[in-house]
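What follows is one structure encoded as structure tokens, with my remarks underneath.
The values are calculated or read from the model by the stated rules, or taken from the named source; none is laboratory data. Note that the coordinates shown come from a computational prediction; the quantities given were computed from them, not determined experimentally. Cβ: placed from backbone, ideal geometry, glycine included. Neighbour counts: every protein chain shown.
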Amino acid sequence: MAAGVRGEGRRAEILRAALEVIAERGYRSASLGAIAERVGLTQQGLLHYFPSKEALLVAVLEERDQWDAVPDSQWRIDLLASLVEYNAMRPGIIQTFSALLGESVTEDHPARDFFTRRYVTVRENMAAVLRAEYGDHLPGGLTPERAAPLMTAVMDGLQYQWLLAPESVDMPQAFRDFLSLLGGDGEGGEARPGGDAEARPGRRD
């Protein structure tokens, strides 16, 4: 087996171990030593593959995005709601994501490039989902491109609130409530696909 192939296999093993340790212990307690021990390495040996804890955690998030990926043509609003429900079942990973996201706004943070690139892709995907659901204008008049940052902000902002007070914030239900608002349903029902944006006053291009 070539050294490169062995190296990739070892990296994948470390990422799996990191996910397990994060799920079991949370973001702060997922030490490099604990992860290294799980794969039979010293901490120094693990640093051969990932030069820092931040680099390893970013790789974990990239791996998570690959697992969560859905072909662009198959994304639907109901799948977004299902993804929020799924995230509520893995608090360790969401804690890692949220902690690194908050830290990444500082200059030269190792996660800054990852999150910058990720948000470009996420906003594009959100716009595509909204256009497939509502057409060129949502019931309230916004274009999918203008609504996409709001959708993204709600998804990530809810994660922070849920992590801080899971007993008070029902993240999946709150996201479904937001979808109802997007669909023009002020009574808290299900989001309505389509919607006559042309007939609504105050529509803006």
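Here are some notes:
- Residues of segment 151-169 classified as touching a helix residue (DSSP H, G or I) at 6+ places or on another chain (Cβ under 8 Å), in a helix (DSSP H, G or I) and not acidic (Asp, Glu), total: 10
- When residues of segment 11-61 are limited to those that are among the hydroxyl-bearing types (Ser, Thr, Tyr), out of contact with any Pro (no Cβ under 7 Å at 6 or more places or on another chain) and surrounded by fewer than 16 Cβ atoms within 10 Å (Cβ to Cβ), the one nearest to Ile93 (Cα to Cα): Ser29
- Any hit, segment 46-61, residues being in the same structural domain as Ile14 (by TED's automatic domain parsing), within 23 Å of Arg11 (Cα to Cα) and charged (D, E, K, R): yes
- Residue match in segment 106-122 (condition: in a helix (DSSP H, G or I), more than 14 Å from the chain's Cα centre (by Cα), of a type outside the set (Phe, Trp, Tyr) and surrounded by 15 or more Cβ atoms within 10 Å (Cβ to Cβ)): yes
- Residues located in segment 123-137, provided they are assigned to a helix (DSSP H, G or I) and small (Gly, Ala, Ser): Ala127, Ala128, Ala132
- Restricting Leu158, Leu100, Leu182, Leu130 to those that are more than 29 Å from Val58 (Cα to Cα) and buried (at least 19 other Cβ atoms within 10 Å of the Cβ) reduces the list to Leu182.
- Scanning segment 138-150 for residues that are in a helix (DSSP H, G or I) and either of a type outside the set (A, V, I, L, M) or under 19 Å from Arg90 (Cα atoms) (or both) gives Pro144, Glu145, Arg146, Pro149.
- Here Leu101 passes the criteria (1) modelled with pLDDT of 90 or more; (2) over 30 Å from Ser31 (Cβ atoms); (3) in a helix (DSSP H, G or I) except the one numbered (2).
- Taking the conditions (1) in a helix (DSSP H, G or I); (2) within 22 Å of the chain's Cα centre (by Cα); (3) surrounded by 15 or more Cβ atoms within 10 Å (Cβ to Cβ) in turn, Asp65 satisfies each one other than (3).
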